[in-house]
Amino acid sequence: MNKGRPTTIVIFGASGDLTERKLIPALFNLFRKGRLPENFKIVGMAGTVFTTESYLERLYQKLQQHAGYTFTEDEWQRFSGYITYFTGRASEVEGAQSLADSLAVLENGVVNRLYYMATPPGVFPDIIQSLGQVGMLAEDEGWRRVVIEKPFGTNLSTALQLNKQVHEWLHENQIYRIDHYLGKETVQNIMVARFANTIFEPVWNRNYIDHIQITVAEQVGLENRAGYYDHVGVLRDMFQNHLLQLLTLVAMEPPISFNADALRNEKVKVLTALRPLSGLEVTRNTVRGQYKGYAEEPGVDPKSTTSTYGALRLLVDNWRWQGVPFYLRSGKFLTEKYSEIVIQFKTPPHIMFPMRPGDEIRPNMLVLYLQPNEGIHLRFEAKEPDTVADMRSVNMEFHYKDSFGPTAVPEAYERLLLDALQGDASLFTRTDEVELAWRFIDPIMRTWEDLGMAGMTTYEPGSWGPIEADQMLARDGRYWVRGCQLC
Ligand code: BG6
(Lines give C-alpha, C1' and ligand atoms only; values in the text may rest on other atoms or scores of the structure.)
Protein backbone atom coordinates (compact mmCIF):
# COMPACT_ATOMS: atom_id res chain seq x y z
CA MET A 1 0.00 0.00 0.00
CA ASN A 2 1.13 3.51 -0.89
CA LYS A 3 2.51 4.90 2.35
CA GLY A 4 2.62 8.42 0.93
CA ARG A 5 -0.27 10.84 0.93
CA PRO A 6 -2.85 10.64 3.75
CA THR A 7 -6.14 8.99 2.79
CA THR A 8 -9.61 9.56 4.19
CA ILE A 9 -12.30 6.94 3.76
CA VAL A 10 -15.70 8.61 4.04
CA ILE A 11 -18.63 6.25 4.53
CA PHE A 12 -22.12 7.56 3.83
CA GLY A 13 -24.78 5.45 5.50
CA ALA A 14 -22.40 4.85 8.39
CA SER A 15 -25.12 3.74 10.81
CA GLY A 16 -26.52 1.14 8.40
CA ASP A 17 -26.29 -2.60 8.22
CA LEU A 18 -23.73 -2.76 5.42
CA THR A 19 -21.28 -0.53 7.27
CA GLU A 20 -21.64 -2.43 10.52
CA ARG A 21 -21.67 -5.95 9.12
CA LYS A 22 -19.23 -5.67 6.24
CA LEU A 23 -17.31 -2.43 5.84
CA ILE A 24 -16.02 -1.83 9.35
CA PRO A 25 -15.12 -5.51 9.92
CA ALA A 26 -13.25 -5.49 6.57
CA LEU A 27 -11.43 -2.22 7.29
CA PHE A 28 -10.53 -3.37 10.78
CA ASN A 29 -9.11 -6.62 9.47
CA LEU A 30 -7.11 -4.76 6.81
CA PHE A 31 -5.77 -2.56 9.60
CA ARG A 32 -4.80 -5.63 11.66
CA LYS A 33 -2.96 -6.98 8.63
CA GLY A 34 -1.16 -3.65 8.18
CA ARG A 35 -2.68 -3.08 4.75
CA LEU A 36 -4.36 0.29 5.16
CA PRO A 37 -2.46 3.40 4.10
CA GLU A 38 -0.09 4.52 6.82
CA ASN A 39 -1.84 7.79 7.37
CA PHE A 40 -5.55 7.10 7.09
CA LYS A 41 -8.80 8.27 8.63
CA ILE A 42 -12.26 6.80 8.54
CA VAL A 43 -15.13 9.24 8.65
CA GLY A 44 -18.65 7.92 9.04
CA MET A 45 -21.65 10.06 8.20
CA ALA A 46 -25.37 9.38 8.53
CA GLY A 47 -28.58 11.07 9.56
CA THR A 48 -28.75 9.13 12.83
CA VAL A 49 -27.50 11.21 15.71
CA PHE A 50 -24.34 9.89 17.37
CA THR A 51 -21.24 11.38 18.88
CA THR A 52 -18.00 9.74 17.78
CA GLU A 53 -17.87 8.05 21.21
CA SER A 54 -21.39 6.63 21.06
CA TYR A 55 -20.83 5.56 17.44
CA LEU A 56 -17.67 3.70 18.42
CA GLU A 57 -19.47 1.93 21.25
CA ARG A 58 -22.07 0.72 18.80
CA LEU A 59 -19.43 -0.38 16.27
CA TYR A 60 -17.62 -2.31 18.97
CA GLN A 61 -20.77 -4.28 19.82
CA LYS A 62 -21.52 -4.95 16.16
CA LEU A 63 -17.96 -6.07 15.51
CA GLN A 64 -18.26 -8.65 18.23
CA GLN A 65 -21.29 -10.07 16.43
CA HIS A 66 -20.14 -9.80 12.82
CA ALA A 67 -16.35 -9.65 12.60
CA GLY A 68 -15.92 -13.38 12.07
CA TYR A 69 -12.42 -13.19 13.63
CA THR A 70 -11.16 -12.56 17.13
CA PHE A 71 -9.39 -9.34 17.99
CA THR A 72 -7.81 -7.84 21.05
CA GLU A 73 -8.92 -4.81 23.00
CA ASP A 74 -5.63 -3.16 22.14
CA GLU A 75 -6.19 -3.64 18.39
CA TRP A 76 -9.64 -2.09 18.67
CA GLN A 77 -8.35 0.86 20.70
CA ARG A 78 -5.71 1.57 18.09
CA PHE A 79 -8.10 1.19 15.14
CA SER A 80 -10.98 3.14 16.67
CA GLY A 81 -8.66 6.11 17.16
CA TYR A 82 -8.81 6.64 13.37
CA ILE A 83 -12.63 6.84 13.24
CA THR A 84 -14.73 10.00 13.46
CA TYR A 85 -18.49 10.27 13.11
CA PHE A 86 -20.49 13.20 11.74
CA THR A 87 -24.26 13.45 11.97
CA GLY A 88 -25.70 14.98 8.83
CA ARG A 89 -27.21 14.58 5.38
CA ALA A 90 -24.70 14.66 2.58
CA SER A 91 -27.57 14.47 0.08
CA GLU A 92 -28.23 18.13 0.85
CA VAL A 93 -25.77 20.81 -0.19
CA GLU A 94 -25.63 22.28 3.34
CA GLY A 95 -24.80 18.84 4.77
CA ALA A 96 -22.08 18.31 2.17
CA GLN A 97 -20.66 21.77 2.85
CA SER A 98 -20.56 21.17 6.57
CA LEU A 99 -18.81 17.83 5.94
CA ALA A 100 -16.31 19.58 3.67
CA ASP A 101 -15.58 22.15 6.39
CA SER A 102 -15.18 19.50 9.09
CA LEU A 103 -12.89 17.42 6.86
CA ALA A 104 -10.74 20.43 6.12
CA VAL A 105 -10.09 20.83 9.84
CA LEU A 106 -9.63 17.11 10.46
CA GLU A 107 -7.32 16.48 7.50
CA ASN A 108 -5.38 19.70 7.61
CA GLY A 109 -3.67 19.31 4.24
CA VAL A 110 -3.78 17.52 0.89
CA VAL A 111 -5.38 14.08 1.05
CA ASN A 112 -6.80 11.33 -1.13
CA ARG A 113 -10.43 10.48 -0.49
CA LEU A 114 -12.49 7.38 -1.00
CA TYR A 115 -16.22 8.02 -0.67
CA TYR A 116 -18.27 4.93 0.01
CA MET A 117 -22.01 5.04 -0.75
CA ALA A 118 -23.41 2.60 1.79
CA THR A 119 -26.79 4.34 1.70
CA PRO A 120 -30.07 3.23 0.11
CA PRO A 121 -29.58 3.48 -3.67
CA GLY A 122 -32.15 6.25 -4.14
CA VAL A 123 -29.82 8.64 -2.30
CA PHE A 124 -26.57 8.06 -4.32
CA PRO A 125 -27.25 10.60 -7.05
CA ASP A 126 -28.14 13.36 -4.59
CA ILE A 127 -25.05 12.74 -2.48
CA ILE A 128 -22.83 12.75 -5.56
CA GLN A 129 -24.43 15.95 -6.77
CA SER A 130 -24.02 17.70 -3.41
CA LEU A 131 -20.40 16.56 -3.13
CA GLY A 132 -19.82 17.82 -6.66
CA GLN A 133 -21.46 21.16 -5.98
CA VAL A 134 -19.29 21.87 -2.96
CA GLY A 135 -16.13 20.84 -4.82
CA MET A 136 -15.49 17.60 -2.95
CA LEU A 137 -15.08 15.52 -6.13
CA ALA A 138 -12.49 17.71 -7.84
CA GLU A 139 -9.11 16.02 -8.19
CA ASP A 140 -7.01 19.16 -7.99
CA GLU A 141 -4.52 17.55 -5.67
CA GLY A 142 -5.29 14.15 -4.15
CA TRP A 143 -7.49 11.60 -5.91
CA ARG A 144 -11.24 11.32 -5.32
CA ARG A 145 -12.94 7.94 -5.83
CA VAL A 146 -16.51 6.88 -5.24
CA VAL A 147 -17.60 3.35 -4.41
CA ILE A 148 -21.20 2.67 -5.35
CA GLU A 149 -23.10 -0.30 -3.98
CA LYS A 150 -25.56 -2.36 -5.95
CA PRO A 151 -28.28 -2.20 -7.12
CA PHE A 152 -27.06 0.16 -9.82
CA GLY A 153 -30.47 1.24 -11.15
CA THR A 154 -33.62 -0.84 -11.19
CA ASN A 155 -33.78 -1.38 -14.95
CA LEU A 156 -31.98 -0.26 -18.08
CA SER A 157 -33.43 3.21 -18.23
CA THR A 158 -32.77 4.02 -14.56
CA ALA A 159 -29.23 2.61 -14.88
CA LEU A 160 -28.62 4.81 -17.94
CA GLN A 161 -29.98 7.78 -16.03
CA LEU A 162 -27.82 6.99 -13.00
CA ASN A 163 -24.72 6.65 -15.13
CA LYS A 164 -25.51 10.00 -16.71
CA GLN A 165 -25.93 11.63 -13.31
CA VAL A 166 -22.68 10.29 -11.89
CA HIS A 167 -20.77 11.12 -15.06
CA GLU A 168 -21.78 14.76 -14.64
CA TRP A 169 -19.45 14.90 -11.67
CA LEU A 170 -17.05 11.99 -12.04
CA HIS A 171 -14.86 10.44 -14.68
CA GLU A 172 -15.43 6.72 -15.21
CA ASN A 173 -12.03 5.98 -13.64
CA GLN A 174 -13.21 7.56 -10.37
CA ILE A 175 -16.25 5.26 -10.13
CA TYR A 176 -16.06 1.85 -8.43
CA ARG A 177 -19.35 -0.05 -8.83
CA ILE A 178 -19.31 -2.93 -6.39
CA ASP A 179 -20.46 -6.44 -7.07
CA HIS A 180 -19.27 -8.21 -3.95
CA TYR A 181 -19.16 -11.56 -5.79
CA LEU A 182 -16.12 -10.29 -7.67
CA GLY A 183 -14.35 -9.81 -4.35
CA LYS A 184 -14.71 -13.47 -3.44
CA GLU A 185 -11.41 -15.36 -3.66
CA THR A 186 -13.02 -18.28 -5.45
CA VAL A 187 -14.53 -16.00 -8.07
CA GLN A 188 -11.15 -14.43 -8.78
CA ASN A 189 -9.76 -17.92 -8.94
CA ILE A 190 -11.96 -18.68 -11.96
CA MET A 191 -9.52 -16.55 -13.93
CA VAL A 192 -6.45 -18.16 -12.38
CA ALA A 193 -7.79 -21.67 -12.97
CA ARG A 194 -8.52 -20.85 -16.60
CA PHE A 195 -5.56 -18.69 -17.54
CA ALA A 196 -2.69 -19.78 -15.30
CA ASN A 197 -3.00 -23.43 -16.32
CA THR A 198 -2.64 -24.98 -19.70
CA ILE A 199 -4.83 -28.01 -19.15
CA PHE A 200 -8.24 -26.34 -19.00
CA GLU A 201 -8.21 -23.78 -21.78
CA PRO A 202 -7.92 -26.20 -24.73
CA VAL A 203 -11.09 -28.00 -23.63
CA TRP A 204 -12.97 -24.88 -22.53
CA ASN A 205 -15.28 -24.64 -25.51
CA ARG A 206 -18.20 -26.17 -27.39
CA ASN A 207 -16.08 -29.09 -28.68
CA TYR A 208 -15.65 -30.54 -25.19
CA ILE A 209 -18.22 -28.90 -22.95
CA ASP A 210 -21.79 -30.13 -22.98
CA HIS A 211 -23.24 -27.41 -20.79
CA ILE A 212 -22.53 -25.18 -17.80
CA GLN A 213 -24.57 -24.70 -14.63
CA ILE A 214 -24.26 -21.77 -12.27
CA THR A 215 -26.08 -22.04 -8.95
CA VAL A 216 -26.26 -19.45 -6.20
CA ALA A 217 -28.55 -21.03 -3.62
CA GLU A 218 -29.52 -19.27 -0.42
CA GLN A 219 -30.92 -20.74 2.72
CA VAL A 220 -31.99 -17.40 4.13
CA GLY A 221 -35.24 -15.68 3.35
CA LEU A 222 -35.86 -11.95 3.49
CA GLU A 223 -33.78 -11.17 6.60
CA ASN A 224 -35.88 -8.10 7.45
CA ARG A 225 -35.35 -6.68 3.98
CA ALA A 226 -38.91 -7.12 2.70
CA GLY A 227 -39.21 -3.41 1.89
CA TYR A 228 -36.26 -3.69 -0.49
CA TYR A 229 -36.74 -7.22 -1.77
CA ASP A 230 -40.41 -7.07 -2.63
CA HIS A 231 -39.65 -4.32 -5.16
CA VAL A 232 -36.63 -6.07 -6.52
CA GLY A 233 -37.01 -9.86 -6.68
CA VAL A 234 -34.44 -12.41 -7.63
CA LEU A 235 -33.70 -11.17 -11.16
CA ARG A 236 -32.61 -7.73 -10.04
CA ASP A 237 -31.14 -8.85 -6.74
CA MET A 238 -28.99 -11.75 -7.98
CA PHE A 239 -29.06 -12.28 -11.76
CA GLN A 240 -28.43 -8.82 -13.20
CA ASN A 241 -25.24 -8.65 -11.16
CA HIS A 242 -23.80 -11.72 -9.41
CA LEU A 243 -24.90 -14.52 -11.74
CA LEU A 244 -24.19 -12.65 -14.96
CA GLN A 245 -20.79 -11.65 -13.60
CA LEU A 246 -19.99 -15.29 -12.88
CA LEU A 247 -21.09 -16.19 -16.38
CA THR A 248 -18.81 -13.58 -17.94
CA LEU A 249 -15.80 -14.90 -16.05
CA VAL A 250 -16.49 -18.47 -17.12
CA ALA A 251 -17.24 -17.60 -20.73
CA MET A 252 -14.84 -14.77 -21.58
CA GLU A 253 -11.83 -15.00 -23.88
CA PRO A 254 -8.39 -14.69 -22.26
CA PRO A 255 -7.73 -10.99 -21.61
CA ILE A 256 -4.39 -9.74 -22.91
CA SER A 257 -3.34 -8.57 -19.45
CA PHE A 258 -4.55 -8.48 -15.86
CA ASN A 259 -5.59 -4.93 -16.21
CA ALA A 260 -9.01 -3.48 -15.43
CA ASP A 261 -9.91 -2.45 -18.95
CA ALA A 262 -8.47 -5.50 -20.70
CA LEU A 263 -10.49 -7.70 -18.38
CA ARG A 264 -13.67 -5.73 -18.59
CA ASN A 265 -13.45 -5.53 -22.38
CA GLU A 266 -13.64 -9.33 -22.51
CA LYS A 267 -16.54 -9.47 -20.06
CA VAL A 268 -18.40 -6.93 -22.13
CA LYS A 269 -18.00 -9.11 -25.22
CA VAL A 270 -19.71 -11.99 -23.44
CA LEU A 271 -22.62 -9.79 -22.37
CA THR A 272 -22.90 -8.53 -25.93
CA ALA A 273 -23.04 -12.11 -27.21
CA LEU A 274 -25.86 -13.23 -24.90
CA ARG A 275 -28.79 -14.26 -27.03
CA PRO A 276 -31.64 -11.93 -25.99
CA LEU A 277 -34.72 -13.51 -24.46
CA SER A 278 -38.07 -11.84 -24.84
CA GLY A 279 -41.76 -12.72 -25.12
CA LEU A 280 -42.31 -16.41 -25.78
CA GLU A 281 -38.61 -17.15 -25.49
CA VAL A 282 -38.80 -16.01 -21.88
CA THR A 283 -41.56 -18.43 -21.04
CA ARG A 284 -39.65 -21.29 -22.66
CA ASN A 285 -36.25 -20.55 -21.20
CA THR A 286 -36.96 -19.30 -17.72
CA VAL A 287 -38.65 -20.49 -14.58
CA ARG A 288 -39.70 -18.17 -11.81
CA GLY A 289 -40.89 -19.17 -8.40
CA GLN A 290 -42.12 -17.78 -5.14
CA TYR A 291 -41.71 -19.69 -1.92
CA LYS A 292 -44.90 -20.67 -0.20
CA GLY A 293 -45.83 -18.14 2.47
CA TYR A 294 -43.85 -15.29 0.86
CA ALA A 295 -46.93 -13.09 0.42
CA GLU A 296 -47.69 -13.42 4.13
CA GLU A 297 -44.25 -12.21 5.20
CA PRO A 298 -44.27 -8.93 7.17
CA GLY A 299 -43.66 -6.01 4.83
CA VAL A 300 -44.58 -7.95 1.67
CA ASP A 301 -47.56 -6.91 -0.42
CA PRO A 302 -50.13 -9.72 0.05
CA LYS A 303 -50.70 -9.65 -3.72
CA SER A 304 -46.99 -9.60 -4.50
CA THR A 305 -45.89 -11.11 -7.81
CA THR A 306 -42.21 -10.91 -6.85
CA SER A 307 -40.10 -13.96 -7.70
CA THR A 308 -37.87 -15.35 -4.99
CA TYR A 309 -36.43 -18.04 -7.29
CA GLY A 310 -35.29 -17.93 -10.89
CA ALA A 311 -33.77 -20.34 -13.37
CA LEU A 312 -32.63 -19.26 -16.82
CA ARG A 313 -31.38 -21.13 -19.86
CA LEU A 314 -29.00 -18.91 -21.79
CA LEU A 315 -26.98 -19.13 -24.97
CA VAL A 316 -23.85 -17.20 -25.79
CA ASP A 317 -23.70 -16.52 -29.51
CA ASN A 318 -20.04 -16.64 -30.33
CA TRP A 319 -17.58 -19.11 -31.83
CA ARG A 320 -16.49 -20.65 -28.54
CA TRP A 321 -19.91 -21.29 -27.05
CA GLN A 322 -22.25 -21.87 -29.96
CA GLY A 323 -24.91 -24.39 -28.89
CA VAL A 324 -23.67 -24.78 -25.29
CA PRO A 325 -26.46 -23.93 -22.83
CA PHE A 326 -25.70 -22.05 -19.64
CA TYR A 327 -28.23 -22.83 -16.93
CA LEU A 328 -28.36 -20.28 -14.12
CA ARG A 329 -30.42 -20.56 -10.95
CA SER A 330 -30.76 -18.75 -7.68
CA GLY A 331 -33.35 -18.54 -4.95
CA LYS A 332 -34.14 -17.74 -1.36
CA PHE A 333 -35.16 -20.27 1.26
CA LEU A 334 -33.60 -23.27 -0.46
CA THR A 335 -32.25 -26.40 1.21
CA GLU A 336 -28.79 -25.02 1.80
CA LYS A 337 -26.51 -22.10 1.03
CA TYR A 338 -23.98 -22.77 -1.68
CA SER A 339 -22.66 -21.25 -4.87
CA GLU A 340 -20.98 -23.32 -7.50
CA ILE A 341 -20.24 -23.61 -11.19
CA VAL A 342 -20.49 -26.99 -12.84
CA ILE A 343 -18.73 -27.52 -16.15
CA GLN A 344 -20.11 -30.73 -17.60
CA PHE A 345 -18.01 -32.21 -20.37
CA LYS A 346 -19.26 -34.32 -23.27
CA THR A 347 -19.24 -38.08 -23.01
CA PRO A 348 -16.57 -39.91 -25.02
CA PRO A 349 -17.65 -40.42 -28.62
CA HIS A 350 -17.10 -44.20 -28.50
CA ILE A 351 -16.99 -46.61 -25.58
CA MET A 352 -14.72 -49.58 -26.12
CA PHE A 353 -15.43 -51.12 -22.71
CA PRO A 354 -18.12 -53.71 -22.17
CA MET A 355 -21.10 -52.06 -20.51
CA ARG A 356 -23.94 -53.74 -18.66
CA PRO A 357 -27.35 -53.13 -20.17
CA GLY A 358 -28.68 -49.81 -18.92
CA ASP A 359 -25.22 -48.56 -17.88
CA GLU A 360 -24.12 -45.24 -19.23
CA ILE A 361 -20.75 -43.64 -19.16
CA ARG A 362 -20.79 -40.60 -16.89
CA PRO A 363 -19.42 -37.36 -18.27
CA ASN A 364 -16.42 -35.67 -16.70
CA MET A 365 -17.32 -32.76 -14.52
CA LEU A 366 -15.29 -29.86 -13.24
CA VAL A 367 -16.95 -28.14 -10.31
CA LEU A 368 -15.82 -24.77 -9.00
CA TYR A 369 -17.05 -24.47 -5.42
CA LEU A 370 -17.39 -20.78 -4.75
CA GLN A 371 -18.80 -21.13 -1.23
CA PRO A 372 -18.81 -22.68 1.31
CA ASN A 373 -16.17 -25.41 1.36
CA GLU A 374 -14.30 -23.48 -1.32
CA GLY A 375 -12.41 -25.57 -3.81
CA ILE A 376 -12.33 -27.31 -7.18
CA HIS A 377 -13.29 -30.88 -7.98
CA LEU A 378 -12.76 -32.91 -11.08
CA ARG A 379 -14.88 -35.99 -11.60
CA PHE A 380 -13.54 -38.64 -13.92
CA GLU A 381 -13.94 -42.35 -14.51
CA ALA A 382 -11.64 -45.00 -13.04
CA LYS A 383 -11.50 -48.75 -13.35
CA GLU A 384 -12.88 -50.53 -10.34
CA PRO A 385 -10.16 -52.81 -9.01
CA ASP A 386 -10.53 -56.51 -9.45
CA THR A 387 -13.07 -56.27 -12.26
CA VAL A 388 -12.57 -56.71 -15.98
CA ALA A 389 -13.48 -53.17 -16.91
CA ASP A 390 -16.13 -51.89 -14.52
CA MET A 391 -15.92 -48.15 -14.09
CA ARG A 392 -16.73 -45.79 -11.31
CA SER A 393 -16.62 -42.02 -10.99
CA VAL A 394 -13.88 -40.72 -8.73
CA ASN A 395 -12.92 -37.19 -7.71
CA MET A 396 -9.79 -35.15 -7.57
CA GLU A 397 -10.21 -32.43 -5.04
CA PHE A 398 -8.65 -29.17 -4.07
CA HIS A 399 -9.90 -27.41 -0.93
CA TYR A 400 -8.71 -23.98 0.07
CA LYS A 401 -8.72 -24.92 3.75
CA ASP A 402 -6.37 -27.86 3.15
CA SER A 403 -3.97 -26.05 0.85
CA PHE A 404 -3.96 -22.58 2.36
CA GLY A 405 -5.23 -23.02 5.93
CA PRO A 406 -8.65 -22.74 7.54
CA THR A 407 -8.77 -18.95 7.66
CA ALA A 408 -7.08 -18.22 4.36
CA VAL A 409 -10.14 -16.96 2.49
CA PRO A 410 -10.84 -13.32 3.44
CA GLU A 411 -14.15 -11.51 3.24
CA ALA A 412 -14.88 -10.16 -0.24
CA TYR A 413 -15.07 -6.59 1.07
CA GLU A 414 -11.44 -6.64 2.20
CA ARG A 415 -10.21 -7.22 -1.34
CA LEU A 416 -12.61 -4.71 -2.83
CA LEU A 417 -11.84 -1.93 -0.36
CA LEU A 418 -8.13 -2.47 -0.80
CA ASP A 419 -8.41 -2.43 -4.60
CA ALA A 420 -10.47 0.77 -4.54
CA LEU A 421 -7.84 2.37 -2.29
CA GLN A 422 -5.13 1.24 -4.68
CA GLY A 423 -6.98 2.40 -7.77
CA ASP A 424 -7.43 -1.06 -9.27
CA ALA A 425 -10.87 -1.29 -10.85
CA SER A 426 -10.52 -4.84 -12.23
CA LEU A 427 -13.05 -6.25 -9.79
CA PHE A 428 -15.57 -3.45 -10.25
CA THR A 429 -18.13 -3.16 -13.02
CA ARG A 430 -17.78 -0.59 -15.76
CA THR A 431 -20.63 1.53 -17.19
CA ASP A 432 -21.05 -0.60 -20.31
CA GLU A 433 -21.10 -3.86 -18.32
CA VAL A 434 -23.87 -2.63 -16.07
CA GLU A 435 -25.88 -1.35 -19.00
CA LEU A 436 -25.48 -4.53 -21.06
CA ALA A 437 -26.50 -6.66 -18.10
CA TRP A 438 -29.67 -4.60 -17.72
CA ARG A 439 -30.28 -4.71 -21.47
CA PHE A 440 -30.35 -8.51 -21.22
CA ILE A 441 -32.38 -8.71 -17.98
CA ASP A 442 -34.93 -6.00 -18.80
CA PRO A 443 -37.07 -7.92 -21.34
CA ILE A 444 -37.15 -10.97 -19.05
CA MET A 445 -38.20 -8.77 -16.16
CA ARG A 446 -40.88 -7.10 -18.25
CA THR A 447 -42.32 -10.41 -19.42
CA TRP A 448 -42.37 -11.72 -15.86
CA GLU A 449 -44.06 -8.54 -14.66
CA ASP A 450 -46.62 -8.59 -17.48
CA LEU A 451 -47.52 -12.17 -16.68
CA GLY A 452 -48.07 -11.38 -13.00
CA MET A 453 -48.91 -14.59 -11.17
CA ALA A 454 -49.61 -16.47 -14.41
CA GLY A 455 -46.70 -18.80 -14.89
CA MET A 456 -45.40 -18.28 -11.37
CA THR A 457 -44.41 -21.55 -9.73
CA THR A 458 -44.29 -22.09 -6.00
CA TYR A 459 -41.95 -24.10 -3.84
CA GLU A 460 -41.70 -25.22 -0.25
CA PRO A 461 -39.28 -23.22 1.88
CA GLY A 462 -36.28 -25.42 2.52
CA SER A 463 -36.69 -27.34 -0.75
CA TRP A 464 -34.55 -27.33 -3.90
CA GLY A 465 -36.96 -24.91 -5.60
CA PRO A 466 -39.76 -25.46 -8.08
CA ILE A 467 -39.97 -28.75 -9.94
CA GLU A 468 -40.42 -26.74 -13.16
CA ALA A 469 -36.72 -25.82 -13.00
CA ASP A 470 -35.89 -29.53 -13.14
CA GLN A 471 -38.32 -29.97 -16.00
CA MET A 472 -36.64 -27.19 -17.97
CA LEU A 473 -33.37 -29.14 -17.91
CA ALA A 474 -35.11 -32.48 -18.40
CA ARG A 475 -36.49 -31.17 -21.71
CA ASP A 476 -32.85 -30.87 -22.81
CA GLY A 477 -32.06 -34.35 -21.45
CA ARG A 478 -30.12 -32.88 -18.52
CA TYR A 479 -30.48 -32.43 -14.77
CA TRP A 480 -29.21 -30.05 -12.13
CA VAL A 481 -26.06 -31.25 -10.44
CA ARG A 482 -25.29 -30.57 -6.79
CA GLY A 483 -21.56 -30.64 -7.31
CA CYS A 484 -20.53 -30.81 -3.69
CA GLN A 485 -22.29 -34.13 -3.34
CA LEU A 486 -19.40 -35.38 -5.43
CA CYS A 487 -16.85 -34.28 -2.86
C1 BG6 B 1 -26.74 -9.65 -2.09
C2 BG6 B 1 -28.23 -9.76 -2.18
O3 BG6 B 1 -26.22 -8.91 -3.15
O4 BG6 B 1 -26.15 -10.95 -2.11
C5 BG6 B 1 -28.78 -10.61 -1.06
O6 BG6 B 1 -28.82 -8.48 -2.14
C7 BG6 B 1 -28.07 -11.95 -1.03
O8 BG6 B 1 -30.19 -10.80 -1.21
C9 BG6 B 1 -26.56 -11.77 -1.02
O10 BG6 B 1 -28.49 -12.62 0.15
C11 BG6 B 1 -25.85 -13.10 -1.17
O12 BG6 B 1 -24.48 -12.90 -1.00
P13 BG6 B 1 -23.54 -14.06 -0.42
O14 BG6 B 1 -22.18 -13.47 -0.46
O15 BG6 B 1 -24.04 -14.35 0.96
O16 BG6 B 1 -23.72 -15.24 -1.34
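Rounded to the nearest angstrom and listed largest first, the equivalent-ellipsoid semi-axes of the chain from its Cα gyration tensor are 42, 26, 22. For Val234, neighbours were defined as the other residues whose beta-carbon sits under 11 Å from its Cβ, and their charges (Lys and Arg +1, Asp and Glu -1) total +2. Helix 431-451 and the longest principal axis of the C-alpha atoms of the chain enclose an angle of approximately 60°. Loop-located GluC sites (Glu not before Pro) in region 43-108 (DSSP state other than H, G, I, E, B) with a sparse environment of at most 15 neighbouring Cβ atoms within 10 Å: Glu92.
What separates the Cα centres of region 296-316 and region 1-32 is a distance of 33 Å.
With all protein chains kept in place, the per residue accessible area of the chain amounts to 44 square angstrom at a probe of 1.4 angstrom.
Quick one: net charge of Val93's neighbours, Cβ under 13 Å, K/R +1, D/E -1? Residues close to Val93 contribute a combined charge of -3. Suppose only helical runs count, i.e. DSSP H with n ≥ 4. What mean residue ellipticity at 222 nm does that imply for the chain under -39500 (n - 2.57) per run, divided by all residues and rounded to the nearest 500 deg cm²/dmol? It lands at -10000 deg cm²/dmol.
Measuring nothing but how far apart in sequence close Cα pairs (under 8 Å, 6+ apart) lie, relative to its length, region 219-289 scores a relative contact order of 18 percent.
Each peptide in 444-453, 197-206, 116-125 was scored by the mean count of other Cβ atoms within 10 Å over its residues; highest first, the order is 116-125, 444-453, 197-206.
Within region 1-63, the proportion of Cα pairs with more than 18 Å between them is 36 percent.
Solvent-free Debye calculation, one equal scatterer per alpha-carbon of region 286-401: log10 I(q)/I(0) at 0.14, 0.16, 0.19 Å⁻¹ equals -0.87, -0.99, -1.12. Where the alpha-carbon atoms of region 208-250 are placed on the principal axes, they occupy 45, 19, 13 Å, in descending order. Near Val342, once Lys and Arg are set to +1 and Asp and Glu to -1 for all other residues with Cβ below 12 Å from its Cβ, the sum equals +2. At 1.567 mPa s and 4 °C, plugging the Kirkwood radius over alpha-carbon pairs of region 102-196 into Stokes-Einstein gives what diffusion coefficient in µm²/s? Once the numbers are plugged in, D ends up at 86 µm²/s. Working from Cα pairs under 8 Å separated by at least six residues, relative contact order for the chain is 17 percent. Taking the convex hull of the alpha carbon atoms in region 220-307, what volume per residue do you get, in Å³? In region 220-307, the Cα hull volume divided by residue count equals 133 Å³. When the pairs Lys164/Lys303; Lys150/Lys267; Lys62/Lys292 are compared against a 30 Å limit on Cα-Cα distance, Lys164/Lys303; Lys62/Lys292 fall above it.
Helix 260-273 and the long axis of the chain differ in direction by around 50°, with both axes built from C-alpha atoms. With semi-axes defined as the square roots of five times the eigenvalues of the C-alpha gyration tensor, the equivalent ellipsoid of region 42-182 measures 27, 20, 15 Å, largest first.
When a 1.4 Å probe is rolled over the protein heavy atoms, the share of accessible surface on the chain that falls to carbon and sulfur comes to 51 percent.
Principal-axis analysis of the Cα atoms of the chain puts helix 412-422 at an angle of about 50° to the longest axis.
The values are calculated or read from the model by the stated rules, or taken from the named source; none is laboratory data. Values in this document were obtained by computation on a predicted structure and should not be read as measured data. Reconstructed Cβ throughout: ideal geometry from the backbone, glycine too, with neighbour counts over all protein chains shown. Note: areas computed on protein heavy atoms with side chains; ligands, DNA, RNA excluded. Shrake-Rupley method; radii C 1.70, N 1.55, O 1.52, S 1.80 Å.
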